[in-house]
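Below is one structure, written out as structure tokens; the observations come after it.
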Amino acid sequence: MELSPLQTARYEYRPKLPEMLKNDISNIKATEGKSTRSVSDQEDISKLFPNTYGMKEVTFERGKNHASKKKQVVGVILSGGQAPGGHNVVTGLYDALKKTDANNVLLGFRNGPSGLLEDKYVEFDDEYIDAYRNTGGFDIIGSGRTKLETEEQFAVAAEVCKKHGITAIVIIGGDDSNTNAAVLAEYFARMKTGVQVIGCPKTIDGDLKNDVIEISFGFDTACKTYSELIGNIERDANSAKKYWHFIKVMGRSASHIALECALETQPNVCLISEEVEKKGMSLSDIADQVASSVVARAANGDNFGVVIIPEGLIEFVPEVKKLIGELNDLMAKKEKEFGALSAWEDKYAFMKENLCAESFSVFSILPLDIEKQLLMDRDPHGNVQVSRIETEKLIISLVDAKLRKMKAEGGYSGKFNALNHFFGYEGRCAFPSNFDADYCYSLGYNAFMLVSYGYTGYLSTITNLSRPAAEWKAGGIPITKMMNMEQRHGEKKPVIRKALVELDGAPFRYFAERRNRWAVETCYTFPGAIQYYGPASVCDITTRTLALEQAK
């Protein structure tokens with residue numbers, strides 16, 4: 001197979017590790033901190049996880065290793081959507097295993113958690129692993145979205161582990177995948193299988209974070225990729241001077257990507273879902289905010305601009321959020337009845353009959369395409385598939401209506417020609433940035449440290465990430481610490497709480513202090529392509545978000 005020059009060069013990149021993890025494993029000790037408790041619903045979570053709740057945080061420090069020595073047979077699973085750097089988690093885990101004992105084994109279960117249930121795997125060797133170092137994607141073994149959540153599944157998983165002599169399973173995934181990891185760890189502990197479960201924090205959305213998980217892997221690369229594209233569009237807009245570009249970016253449950261891309265590119269408008277919800281903004285209010293920028297720029301002779309919209313915005317508009325919540329509950333109860341309807345007129349009548357008057361009023365004023373998108377098949381959690389809703393087109397239509405009314409009333413004389421874009425899959429499998437390549441390799445290497453010390457139900461953590469890699473710190477956090485109870489498929493279930501954009505946090509405050517100027521003036525910045533070679537100040541920088549959060 002012919003390789004691109006960059007692909008060949010990236011195979012040869014040697015990821016940087018925290019100084020602590022460079023030591024021989026015999027000189028690394030685990031130091032335990034205080035006992036933990038879940039972020040909320042402590043009583044419920046503790047009852048559901050009696051064997052793995054309340055465990056202590058762990059940090060690795062220089063000292064004598066007292067872990068018992070044994071041959072390790074570890075299984076690894078890639079779960080959920082792709083994120084740049086996943087391959088390096090696997091290669092870091094592999095290298096740590098083999099460095100400790102050449103007889104240790106790493107098995108990669110194919111196509112996600114289903115590979116564990118179906119006993120489909122590959123045993124990694126040097127040649128196999130070397131072909132995926134520092135590359136994007138999850139194609140090393142494939143990924144999948146099968147949920148590990150039933151006793152029957154757990155029993156099958158235990159049998160597969162017993163068959164291969166597996167001592168630990170490492171699950172690389174997002175909040176749902178690591179919730180499944182916590183539940184599987186609890187089952188293995190309860191059944192005394194001796195199999196550990198360790199998670200690694202993955203999601204480009206950036207919503208798997210807390211005081212210890214500073215950033216989820218893939219976020220850095222994805223945001224840099226989107227920001228390059230947005231910067232290119234800004235340059236084009238400023239050249240052609242005749243189009244308003246409405247750009248939707250990934251991030252259903254939080255606006256971290258939108259905010260980071262705004263910090264990188266300084267668009268005219270960036271909508272932040274969490275702010276929309278807190279201020280109780282309606283669809284009309286959102287259209288007013290964008291239209292005011294269009295009008296102000298037109299007064300300066302600038303009939304062009306760029307608007308960034310988070311994928312999940314529509315769910316945060318209070319009036320629409322209520323509608324979506326009601327739709328989710330309705331479909332959970334009457335999915336078969338609704339599914340039997342084929343004609344749109346019948347589906348519309350069904351909505352009118354079953355929604356409350358307020359929700360139906362919101363539903364009825366939406367463009368027909370948006371109404372239909374709201375009623376598409378549910379996601380695996382039984383919720384509206386927000387990513388399919390063309391929010392950017394909805395905002396364009398609302399702004400256009402506002403401007404037409406203003407023009408008719410003599411309050412606006414500019415031109416408004418809008419184009420829409422959605423940046424999603426473009427960022428999920430890019431060559432990882434140096435930061436993500438280093439971070440992911442460290443996460444995988446560190447996951448083995450947790451395995452070697454016998455921990456289970458933990459998430460691999462690397463912290464102090466705004467500093468050079470040598471100064472990063474390694475450790476682990478009990479997954480139950482991040483959990484709360486949420487409504488899923490009409491039932492309360494334990495899940496990892498998603499981290500939203502903090503409106504009093506440094507990144508948002510920095511943005512809020514500057515956006516009024518950006519809305520009127522042309523202040524675009526152009527990040528350009530991800531750089532892999534050159535000065536660290538260009539190649540190893542992390543996100544603006546993390547830099548602002550950890551600014552001294």
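The values are calculated or read from the model by the stated rules, or taken from the named source; none is laboratory data. Note that the structure is predicted; figures quoted are calculated from it, not measured. Note that each Cβ is placed from the backbone with ideal geometry, even for glycine, and that neighbours are counted across all protein chains shown. Note: accessible area is taken over every heavy atom of the protein model, side chains too, but ligands, DNA and RNA are not part of it. Shrake-Rupley method; radii C 1.70, N 1.55, O 1.52, S 1.80 Å.
Listing for the model above:
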| read-out | value |
| --- | --- |
| Hits among lysines - C-alpha to C-alpha of Lys278 under 16 Å, sequence gap 8 or more where chains match | Lys321, Lys322 |
| Alpha carbon centroid spacing (whole Å) that separates region 172-249 from region 427-443 | 11 Å |
| Listed residue (Met55, Gly251, Ala299) projecting farthest to the positive dipole end of the chain, Cβ model | Met55 |
| Length-normalised contact order of region 446-523 in % [C-alpha pairs under 8 Å, at least 6 apart] | 17 percent |
| Nearest-10 value in Å² for the accessible area of Arg110, using the 1.4 Å probe | 90 Å² |
| Length-normalised contact order of region 86-165 in % [C-alpha pairs under 8 Å, at least 6 apart] | 35 percent |
| Largest to smallest accessible area among Ile496, Ile365 [probe 1.4 Å] | Ile365, Ile496 |
| Filtered trypsin sites (Lys or Arg not before Pro), region 238-278: DSSP coil and at most 13 other beta carbons within 10 Å | Lys241, Lys242 |
| Rg(Cα) / (2.2 N^0.38 Å) computed for region 347-498, rounded to two decimals | 1.61 |
| Within the chain, percent of DSSP bridges classed antiparallel, to nearest 5 | 40 percent |
| Placed amide H near Phe422: partners under 5 Å, 5+ positions off or other chain | Lys248 |
| Solvent-accessible surface ranking, highest first, for Cys356, Cys161 at 1.4 angstrom | Cys356, Cys161 |
| Ratio Rg/Rh, restricted to region 56-153 and using Cα atoms, in which Rh is the Kirkwood radius | 1.01 |
| ³J(HN,Hα) computed for each position of region 412-424 - Karplus, 6.51 cos²θ - 1.76 cosθ + 1.60, integer Hz, glycine/proline x | 7, 10, x, 10, 9, 10, 10, 10, 10, 9, 9, 9, x |
| Listed pairs Lys147/Lys248; Lys22/Lys98; Lys336/Lys493; Lys162/Lys498; Lys47/Lys336; Lys192/Lys333 exceeding 26 Å between Cα atoms | Lys147/Lys248; Lys162/Lys498; Lys47/Lys336; Lys192/Lys333 |
